[in-house]
Number of protein chains: 2
Amino acid sequence: MNKKGVILLSGGLDSATVAAIAVKEGYSLSALTFFYSQRHEVEITFAERLAKHFRMDNHIKISIPAEIFRTALTAESGIDVPKNREISESSIPETYVPARNIIFLSYALAFAESTGASDIFIGANAVDYSGYPDCRPEFFEAFKKMAQMGTKAGVEGKGFNIHTPLMNMNKNEIIRLGTELGVDYSLTHSCYDPSPDGSSCGECDSCFLRMKGFAEAGVPDPTRYRAE
Amino acid sequence: MNKKGVILLSGGLDSATVAAIAVKEGYSLSALTFFYSQRHEVEITFAERLAKHFRMDNHIKISIPAEIFRTALTAESGIDVPKNREISESSIPETYVPARNIIFLSYALAFAESTGASDIFIGANAVDYSGYPDCRPEFFEAFKKMAQMGTKAGVEGKGFNIHTPLMNMNKNEIIRLGTELGVDYSLTHSCYDPSPDGSSCGECDSCFLRMKGFAEAGVPDPTRYRAE
């Protein structure tokens with residue numbers, strides 16, 4: 001019997017790669033995907049395709065009210081998505097979503113404990129990332145300790161593993177690994193600010209990291225970028 | 001100007017008492033209330049009345065899909081609510097909801113950070129409780145550390161306070177304090193398994209603690225219990 005895992009599936013290239021890794025390791029996956037009025041809501045459709053592609057056991061979609069998050073990633077915030085590397089390399093950008101991974105992991109924890117799973121997968125990485133505090137190893141370490149204290153499984157000594165296999169990889173390495181594992185990156189979406197026709201802006205931080213990653217990996221980028 | 005606080009408002013007597021404490025301390029409150037297909041969904045109506053009564057700034061209701069939680073508190077689980085102290089004093093009962101306070105606090109954290117609040121209020125207590133791991137001081141301590149690591153406010157040194165003013169009080173003391181503060185407990189609901197007409201069962205753990213609390217405090221219990 002396969003081991004049970006819970007994966008946070010955004011529809012992006014990182015979580016798609018993590019899904020391929022987990023499947024290869026023999027996990028039978030349930031996916032959680034979140035709608036929080038993100039401008040790139042289209043990513044949910046990509047997550048659905050990925051969940052089918054990887055034949056996941058469950059795919060639960062969860063809605064978070066837009067007013068919970070103040071972030072450039074929602075139109076409701078009135079903050080624009082920074083373009084063309086406007087963001088400073090050293091500070092946390094406006095695309096930061098307050099406590100987003102904390103909420104996402106909390107759901108994964110609840111669903112894992114409810115279904116008897118001990119393994120949670122998330123595509124966080126601390127190399128080619130955008131300076132988000134909830135993507136760093138020390139955050140995941142603290143989350144794990146908190147989960148040990150605050151759950152029945154934790155108190156009873158069973159506990160949880162939070163797998164972050166991409167933590168120390170850059171986008172180029174992630175894409176190469178995923179390509180080796182047969183990931184079809186045309187099933188993934190990265191742009192923070194896509195056009196109504198679904199094409200990517202090519203100018204936001206997330207597009208920039210994606211384009212650079214494909215170029216450095218020497219893998220053709222299947223993304224449809226907006227024509228100028 | 002009032003200080004901003006975020007309160008987890010269930011509609012029960014503990015969170016109502018915490019609201020009264022926070023208001024007395026000068027906090028201007030935003031409340032979060034959760035629907036997770038709990039049998040005692042009626043508590044949400046009580047939370048709405050309390051939010052109005054305390055003239056809160058915001059009251060956000062959040063829906064969590066029923067399949068996230070396996071607990072006797074939802075009919076979907078197929079587990080009955082234990083009655084007449086069936087539960088053992090030493091073990092975690094079937095009314096435990098996996099990672100519930102972790103999810104609730106994560107939302108409070110996101111909303112606090114999004115609105116510039118630093119103070120979160122929750123009516124947890126570790127005396128007259130049901131053995132839930134996420135009601136203990138060591139859990140809140142670990143949550144706070146995790147929040148410091150995983151948020152922009154935390155990393156930048158501002159951080160969050162998680163207020164658990166009822167932590168070391170029993171129900172009797174909570175009811176006496178609330179009564180002094182003018183809390184109208186007819187606006188609160190405790191029963192885990194109410195009748196369709198809204199009356200309380202008088203037999204579940206939560207009814208038991210409530211009845212005992214009022215009796216010991218010498219305060220009339222305004223609850224309508226189901227006629228036998």
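The values are calculated or read from the model by the stated rules, or taken from the named source; none is laboratory data. These figures come from a predicted structure and were not determined experimentally. Here Cβ is always computed from backbone atoms with ideal geometry, including for glycine, and neighbour counts include all displayed protein chains.
Numbers below:
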quantity	calculated
Residue in region A:63-75 that is among the hydrophobic types (A, V, I, L, M, F, W, C), surrounded by fewer than 23 Cβ atoms within 10 Å (Cβ to Cβ) and in contact with a Cys (Cβ under 6 Å, 6 or more places away or on another chain) present	no
Some residue of region B:41-62 being in a loop (DSSP other than H, G, I, E, B), touching a Phe, Trp or Tyr at 6+ places or on another chain (Cβ under 9 Å) and buried (at least 18 other Cβ atoms within 10 Å of the Cβ)	no
Single match in B:LYS52, B:LYS24, B:LYS83, B:LYS61 (criterion: charged (D, E, K, R) and under 22 Å from A:LYS152 (Cα atoms))	B:LYS83
Of all residues making up region A:118-136, the number that are closer than 29 Å to B:GLU156 by Cα and modelled with pLDDT of 95 or more	4
Matching residues, region A:191-210, being of a type in the set (S, T, N, Q), under 14 Å from the mean Cα position of the chain (by Cα) and more than 15 Å from A:ALA72 (Cα to Cα)	none
Test: residue in region B:55-76 that is away from chain A (no Cβ under 14 Å), out of contact with any Leu (no Cβ under 6 Å at 6 or more places or on another chain) and more than 23 Å from B:ASP205 (Cα to Cα)	yes
Residues that are at pLDDT 95 or above and not hydrophobic (A, V, I, L, M, F, W, C), drawn from region B:155-170	B:ASN161, B:HIS163, B:THR164, B:PRO165
In region B:159-194, the residues that are among the charged types (D, E, K, R) and in contact with an Asp or Glu (Cβ under 6 Å, 6 or more places away or on another chain)	B:LYS171
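Quick grid of which residues meet (1) at the interface with chain B (Cβ under 7 Å from one of its Cβ atoms); (2) among the hydroxyl-bearing types (Ser, Thr, Tyr); (3) over 18 Å from A:LEU9 (Cβ atoms); (4) touching a strand residue (DSSP E or B) at 6+ places or on another chain (Cβ under 6 Å):
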| site | (1), (2), (3), (4) |
| --- | --- |
| A:PRO98 | yes, no, yes, no |
| A:PHE104 | no, no, no, yes |
| A:ALA110 | yes, no, no, no |
| A:ASP119 | no, no, no, yes |
| A:ILE122 | no, no, no, yes |
| A:PHE139 | yes, no, yes, no |
| A:THR151 | yes, yes, yes, no |
| A:GLU156 | no, no, yes, no |
| A:GLY159 | no, no, yes, no |
